[in-house]
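Data first, discussion second: the structure below is written as structure tokens.
Read-outs throughout are calculated quantities, based only on the coordinates presented, and are distinct from any laboratory measurement. Small disclaimer: the values here were computed from a predicted structure and weren't measured. Backbone-built Cβ (ideal geometry, glycine too); neighbour counts: all protein chains shown.
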Amino acid sequence: MRKIIASVDIGSDFIKLVVGEFVRGKLNILGVSSVPSVGVKRGKVVDGNALLPKLQEVFLKCEDMIGLKISKVVLSLPSDGVEFFFQEGSSTITNSEHIVKEIDVLHAMQASTYNKIEHSREIVSIKPTSFLIDEERTVKNPIGLEATKITVKSLVITVPRENAAYFVKCLEKIGVEVIDFSLSTIGDFYELSTPMMKEVVGAIINIGYHTTTVSIFNKGLLTNTDTIKVGAYHIEKDYAYLFGVTKNDAKIIKNELASSHKRGTSASVKQDFTTIDGNTITINEYEASEVCSSRIAEILKLAKKQINLLTKKEIHYIMITGGVSEMANFNILVEEVFGHNAKIGSIKELGVRSNIYSAVVGLLKYYDEKTKLSQVEFSIFNEEETEELSNVSKKISFGENSILGKLFGYFFDN
């Protein structure tokens, strides 16, 4: 069976949808689409009626690319209201050989959360941090060992149930089933991480449209995260206030005139705009970049401060992603704030070479790992649809239970 997975990120600025296939461990992008978002603010649905047409649009665009209807997705969630806690659970080994198998670990992890999660909370990840064999020997990986009982200590991550509920409901209305979900910052890590990042403590900063997320990872394990309520939107807000232009023109100034740093910008490159009062104003590249640079520097300094608040451990890397990180001269500003300790993320896959896709592409890899570890074969398309997809490709020449996936999230990734 071909392994094809889809993931969606419903952001405040854009909705992103990606379909990818895993072939011998490598991700190939089959389809990608994005449309401007409406009805979402700071990671929450504020107008479902406005959002639905945009969801339909982003799915139709991607479906036109691959020639099949996409009816199952992994959903990216914001980190608002996230909580972390440790729990223990045990399982008795009942098979005749008394050899620990994946199902025994699953039972122990289920026991670690049974009747321990408030109804208002939703599990987004359970990560085993240690295993105890027969209450006397601690091991990193118990599978294949002889035992009569295993005990697992897990880090459980939950979010308010409403964080997922409104998005799930909107997707269901357009005929799309959410097979699983996780935090967008986890997707960022899966897409941007290197072997070194999986062995040390570091931070990932994602500068979004309304907010900026700062997350701490310890050997690939998300241990803390927080949201700063400032993002790319506030650059546009600065333009609207300082120059008296409309929101749409403020966005044009940011996207067409501004750089993240004044270095190399010119006062001779300029555009005329009509203010809200009906007057004409001329804005040049240097002026636009000066405003933009000031706001982004503020965001980066706030993120730097937040890293120090989230952990006292030595930070070995800082990775920055999000749409703002694609702006010209962003690397200059990053070096001024962080020195050489920070790098700008870079997506590896062809067809999605923009950091606005880092979370949604990373969630494909996240879910692929989960299905491997739980030894479940999964594809969003059945065999008949997969055959049809193959035929379409030639012409143009070029399930699983959600809790099962959650219980194996990040499992044995060290």
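If a/c stays under 1.5 just call it rounded; otherwise compare a/b with b/c (prolate if a/b is bigger, oblate if not). Do that for region 83-161, with a ≥ b ≥ c from the square roots of the Cα gyration tensor eigenvalues. It is prolate, given that a/c is not under 1.5 and a/b is the larger ratio. Summing charges over all other residues whose Cβ lies under 11 Å from the Cβ of G39, with Lys and Arg as +1 and Asp and Glu as -1, gives +2. Helical content of the chain, expressed as a calculated mean residue ellipticity at 222 nm, amounts to -11000 deg cm²/dmol (DSSP H runs of 4 or more residues, -39,500 (n - 2.57) each, divided by residue number, nearest 500). Take the Cα of K198, step 7 Å toward its Cβ, do the same at Q110, and the gap between the two points is 2.8 nm.
Note on region 56-118: lysine pairs with Cα distance below 30 Å, sequence gap of 8 or more or different chains, count 5. Here each label is just a point 7 Å from Cα along the line to Cβ, and for A328 and S130 those points are 5.4 nm apart.
Among bridges DSSP assigns within the chain, what percent are antiparallel (round to 5)?
80 percent
For Cα Rg over 2.2 N^0.38 Å, the value computed from the atomic coordinates appears in the list [x] 1.06; [y] 0.91; [z] 1.17 under label [x]. Packing here is the average count of other Cβ atoms within 10 Å per residue, and on that basis the peptides 96-103, 313-320, highest first, run 313-320, 96-103.
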